[in-house]
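> One structure coming up, written as structure tokens, with questions to follow.
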Number of protein chains: 2
Amino acid sequence: MTTLSSPPAATAESLRARPTMRDVAALAGVSLKTVSRVVNREDGVSEDLAAKVERAAAQLDYRPNLTASNLRRSDRKTATWGLLLEDVANPFSSAVHRGVEEVARELGVAVFAASMDEDPERERELVATFSSRRVDALIIAPTATEHAYLANEVRNGIAVVFVDRPPFGIDADCVVTDNRAGAAAGTSHLVECGHRRIAFVGDFASISTANERYQGYVDSMAAHGVQVHAELVLRDVHDATQAVEAVRSLLALPEPPTAIFAAQNLITMGAVEALRDAGAQHRVALVGFDDFAMANLLDPAVTVVAQDPRAIGRLAATLVNERLSSSSAPVSVHVVPSVLIPRGSGEIAPRN
Amino acid sequence: MTTLSSPPAATAESLRARPTMRDVAALAGVSLKTVSRVVNREDGVSEDLAAKVERAAAQLDYRPNLTASNLRRSDRKTATWGLLLEDVANPFSSAVHRGVEEVARELGVAVFAASMDEDPERERELVATFSSRRVDALIIAPTATEHAYLANEVRNGIAVVFVDRPPFGIDADCVVTDNRAGAAAGTSHLVECGHRRIAFVGDFASISTANERYQGYVDSMAAHGVQVHAELVLRDVHDATQAVEAVRSLLALPEPPTAIFAAQNLITMGAVEALRDAGAQHRVALVGFDDFAMANLLDPAVTVVAQDPRAIGRLAATLVNERLSSSSAPVSVHVVPSVLIPRGSGEIAPRN
DNA sequence: CGAATGTGTGACAACGTTGTCAGGCATTTC
DNA sequence: GAAATGCCTGACAACGTTGTCACACATTCG
């Protein structure tokens, strides 16, 4: 790594104290309160005084101090939300983030985003931190399995909305994908193509969505009267590397599956890799839960049950806003539908 | 979308005023200041008093009010940074975000992230907003082409670090990829495979990194004595859809290129799609700038010049921290190296 | 013409916290 | 035994802003 240097931009002595309303008032020759009125666009200030204040503010490059304002204001709203995600860099999380941001922007709300990396303790730490920073709301894609600890925050007036996974031990608004129905749809798609030996590869059983998807798989198999073979069900598979291993082991079975339902996008990617390594990508059918970039450009293109994380984010943000304006509305669970996108890998028929 | 409702979680009357230090002090039977000392872990408080305070704080579920603390404290640090990205959901941006977050987390800093969507006005708005919220630092992946407007913020003591693209009109720390050298390396790779008709497909000429990459392409062609054909250079291509069109038009030329250098990841993805649609993916070589998910699983796997956005984010955050602790250090430009990853698409030899 | 009304402005206190300083008490020193 | 020292603790003001209230002045009304 190369580093080029030049003289410092701002020496210590060029740092000045930040101008306050008091400074603007002094320059404009008016009282503090009048400046406050002008800055907040309250009416009842004569035009010429307002103009004088505007000029003074511009001259000093005055920036209102929102932290001081928040402290004093009676509505006690900071126009700040905390967003707790699994990982800001993960495509699902960052799409949720984007959706939240779009709504927040219109409302003049700033969003703190943070990654929890599946660590329940970190979730609690972040909630405490954001609470100390007096966020108005928390949007949480939960990692913890017990959320009673949030009761205090809710009682303190923080709006809490869950996304992706439902909360446990607390009654709060929640936005989730129809995991069970979606997984059932994906599985049924494989059954309808003629498959009977359909493997399920899913995430930790401790993750509620992973369970829902597993239930959907079981539902569908039962509904079609197809047997679930225990050796074809692999759970607790969390990342792409583990998924590669898992699928490899499935293919090595005496009676390998003719189709695979991958219950999470990293698992789907791992499955693609493993199938390809085995040269089985055109022989074994694959349906994944959750869409991912380039799925349509792979060979074969990958059939998925797609979620709409951006819509989830937008809806969650809207719920937060409603909760903040009328906290007495009933708590609700919103289910965002998933969509099966056939692209090729899920339409491979079994060979007999 | 389905919505299930149940009775409200918290009625208006169950909302209580948030406990303050005063409440804790009253319950513990000590003064306000003693509570402050215990909360901030200052020493000089006897053990039994400290224990009493801890108990009272726990009983009331007291959360220190960081906004009030920030206002009063003399160092005037909010432990808050603003991160301005092109789009929080874009893989490059979100990886930078992740890198910044990792460093910020260790420092106890909370990060506001926001998307600018290539809108310079939005950049200025966000800077003003974050300045009002008294962030200690701004990390900017700039959209604007003129940053003199930031001089006031710097003078006010906000640390400013640029990532991905350098600033104009202001002297500030900056972390960039070696775009020019990286693009030259990618182009040279194609020349060394025997290609002479090498197309360049790049982003808006107004984007500095796009220009750097174009310069790298030109550098390499000149260095090898290979002619740049004007009809093979397509700039102002910004997204995947436009890239599909662009590559389609290149392939339709009387003398089409035998290789393509795609100067941005969305362009690379578009190129993959267009080549595939034309059945040319194994005939026309492709090297892309910037890695993307699944590039290794495509057919052929895509050769790229990879950036390391997470490292860029980490480095930027580290620079911010250094700048905040010693603002007199010289301003520096840090160049993070890119790496050519040969995967197949860039190693296709030309047919004569 | 005096009273009632309305309009614009500013003085002051308060939000929840921390920096400063002074005072109480126990211990040490001469 | 009085003075000096150290350790804890708390009273008070201040950070930058906004809510409340009162006052000065102009206007309208009986």
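The values are calculated or read from the model by the stated rules, or taken from the named source; none is laboratory data. What you see is a predicted model; the values in this text were computed from it and never measured. Using ideal geometry, Cβ is built from the backbone for each residue, glycine included, and neighbour counts are taken over all protein chains shown.
> Given the structure, is A:Ala159 crowded, with 23+ Cβ neighbours inside 10 Å, over 13 Å from the mean Cα position of the chain (by Cα) and within 19 Å of A:Cys174 (Cα to Cα)?
It is true that A:Ala159 is crowded, with 23+ Cβ neighbours inside 10 Å, over 13 Å from the mean Cα position of the chain (by Cα) and within 19 Å of A:Cys174 (Cα to Cα).
> Condition check: not assigned by TED's automatic domain parsing to the domain that holds A:Phe92 and not acidic (Asp, Glu). Does A:Val331 satisfy that?
When the stated conditions are applied, A:Val331 does not pass them.
> Could you please let me know if B:Arg283 is at pLDDT 95 or above and basic (Lys, Arg)?
Taking the combined requirement at face value, the residue satisfies it.
> Need pairs with beta-carbon distance below 8 Å; first residue at positive phi and within region A:168-195, second aliphatic (A, V, I, L, M); sequence gap 6+ or separate chains.
Once the first residue is at positive phi and sits in region A:168-195, its partners that are aliphatic (A, V, I, L, M) give A:Gly169/A:Ala148; A:Gly194/A:Ala349.
> Another one. Just to check your reading of the model, which residue among B:Val39, B:Val24, B:Val30, B:Val53 is aliphatic (A, V, I, L, M), near DNA strand C (Cβ under 8 Å from one of its atoms) and farther than 30 Å from B:Phe112 by Cα?
One residue alone meets the criteria, B:Val24.
> Please determine, by comparing only the residues of region A:141-166 that are among the hydroxyl-bearing types (Ser, Thr, Tyr) and at pLDDT below 90, which one is farthest from A:Thr80 (Cα to Cα).
A:Thr145
Conditions (1) surrounded by 21 or more Cβ atoms within 10 Å (Cβ to Cβ); (2) at pLDDT 95 or above, marked per residue:
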{"site": "B:Gln264", "(1), (2)": "yes, no"}
{"site": "B:Leu275", "(1), (2)": "yes, yes"}
{"site": "B:Phe289", "(1), (2)": "yes, yes"}
{"site": "B:Met294", "(1), (2)": "no, no"}
{"site": "B:Ala316", "(1), (2)": "yes, yes"}
{"site": "B:Ser327", "(1), (2)": "no, no"}
{"site": "B:Ile341", "(1), (2)": "no, yes"}
{"site": "B:Gly344", "(1), (2)": "no, yes"}
{"site": "B:Ile348", "(1), (2)": "yes, yes"}
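> Now for a different question. Does B:Ala243 satisfy the criteria of being of a type in the set (A, V, I, L, M, F, W, C), surrounded by fewer than 16 Cβ atoms within 10 Å (Cβ to Cβ) and more than 10 Å from B:Ala199 (Cα to Cα)?
No.
> B:Val284: in contact with an Asp or Glu (Cβ under 6 Å, 6 or more places away or on another chain) and among the β-branched types (Val, Ile, Thr), yes or no?
No, not satisfied.
> Which residues, counting only those in region B:84-106, are over 21 Å from B:Ala240 (Cβ atoms), buried (at least 20 other Cβ atoms within 10 Å of the Cβ) and more than 8 Å from every other protein chain (Cβ to nearest Cβ)?
B:Leu84, B:Gly99, B:Val100, B:Val103, B:Ala104, listed by residue number.
> For region B:58-65, check the following and say yes or no: at least one residue is surrounded by fewer than 18 Cβ atoms within 10 Å (Cβ to Cβ), more than 8 Å from chain A (Cβ to nearest Cβ) and without any contact (Cβ under 8 Å) to a residue 24 or more places away in the chain.
yes
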